[in-house]
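Here is the structure we will look at.
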Amino acid sequence: MDADAELFKAIGDATRRTILDELTEKDGQTLFEICSRLTMKHGLGSSRQAISQHLAVLEQAGLVRTRRQGRYKFHHLDTSPLRSIVERWPIDREAPNP
């Protein structure tokens, strides 16, 4: 699968977009923190395994980077892959609105 296809797959799922929103609000969370925030703030009852799989898809697309510190694994948002979308379909700010 090419990088753009992986990126679109990653952001095509509502739960994964919610995870990205949570990492935007508080970067560097553990799996436990992410699961807790998804349950408390969004009412998502996904298992830790399901959230871990979502994080793996986001990491494969380059949108999440991980860092180990002792026995903890911290997840960090990386929006740089989104540049390919902006570069692929640039916005013409001079064009009139229809």
Surrounded by 14 or more Cβ atoms within 10 Å (Cβ to Cβ), part of a helix (DSSP H, G or I) and in contact with a helix residue (DSSP H, G or I) (Cβ under 9 Å, 6 or more places away or on another chain): is that true of His75 in this structure? no
Go through Glu22, Glu59 for me and flag whichever is of a type in the set (Asp, Glu), assigned to a helix (DSSP H, G or I) and touching a Ser or Thr at 6+ places or on another chain (Cβ under 8 Å). Glu59
Filter segment 1-19 down to residues that are assigned to a loop (DSSP other than H, G, I, E, B) and modelled with pLDDT of 95 or more and give me whichever is farthest from Ser84 (Cα to Cα). Asp13
Could you tell me which residue of segment 23-75 is farthest from Ala3 (Cα to Cα), considering only residues that are out of contact with any strand residue (DSSP E or B) (no Cβ under 8 Å at 6 or more places or on another chain), polar (S, T, N, Q) and touching a residue at least 24 places away in the same chain (Cβ under 8 Å)? Ser46
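The values are calculated or read from the model by the stated rules, or taken from the named source; none is laboratory data. These figures come from a predicted structure and were not determined experimentally. Cβ coordinates were reconstructed from backbone atoms using ideal geometry, including for glycine residues, and neighbour counts include every protein chain displayed.
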